[in-house]
Amino acid sequence: MIATIVYDNRFNANEWFGIIGLCIGLFFMIKLPSRFPRKIAILFFLCGLTFGTLADHYIGTTPKSLYDTGNTSDFDLTDVPSLLMYGPFSYLFFYIYDFIKIKTNFIPIYILFWSLASSLFEWLGGVAGLFHYNNGYWIGISFMIYLLVHSIWIIFYHIIYQHEKTLKV
């Protein structure tokens, strides 16, 4: 049995980082003009929530336990805002991609930009005490994961876009 690591037991910067990140993301989602049908917008929101939750629980739990989120190595209620903030982040990824109509040649640059932005955001979360790396994990690994995830999201966008045309969602 692996012991729970407690990083702190106060409501402080790491919780505020998740709450403020979520609020800023939701603000942009609400204030930006609608671009997608509601079902597609929800799908794009859930895309980030799902990928973020899977990553946090797959590489952040035993037996790997490469990083911890929040106050302890266990999942608790204070981790919820930090997981939910992935939803608006992914929605904005799809929104901007659709808005600026990225040409095929520039898709790698778009993916690189968002992977760097994601890594920077994660680094800021680490400074706030949201992320605690273990067992040789470092932000460079996250950057590579972001490259993969954002590439999958672009493919997903094009699949959804093709189905939306044929299904009139």
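Every number here is computed from the coordinates shown, using simple stated rules; none is lab data. Just so we're clear, the structure is a prediction, and the values are computed from it rather than from any experiment. Counting neighbours? That spans all protein chains shown, and the Cβs are built from the backbone with ideal geometry, glycine included.
Counting neighbouring beta carbons within 10 Å and listing from fewest to most, the residues 47, 23 come out as 23, 47.
Placing pseudo-labels 7 Å out from each Cα toward the beta carbon at residue 141 and residue 162 gives an inter-label distance of 3.4 nm.
Among 79, 98, the order by Cβ neighbours within 10 angstrom, fewest to most, reads 98, 79. Rounded, prolate or oblate: which fits region 105-169, taking a ≥ b ≥ c as square roots of the Cα gyration tensor eigenvalues, rounded meaning a/c under 1.5, else prolate when a/b beats b/c? Here region 105-169 falls in the prolate category.
Computed from phi, the 3J(HN,Hα) profile of region 103-116 under the Karplus parametrisation 6.51, -1.76, 1.60 (θ = phi - 60°) reads 6, 3, 4, 9, 4, x, 5, 4, 5, 4, 4, 5, 5, 5 Hz, with x in place of Gly and Pro. If R0 equals 35 Å, the separation of the Cβ atoms of residue 31 and residue 65 corresponds to a calculated FRET efficiency of about 0.35. Sorted fewest first by neighbouring Cβ atoms within 10 angstrom, 67, 58, 137 come out as 58, 137, 67. Note on residue 11 and residue 117: the extension gain reaches 35.5 nm, defined as 0.36 nm multiplied by sequence separation minus the Cα-Cα distance. The overall shape of region 23-167, judged from the alpha-carbon gyration tensor, is prolate: a/c is not under 1.5, and a/b is greater than b/c.
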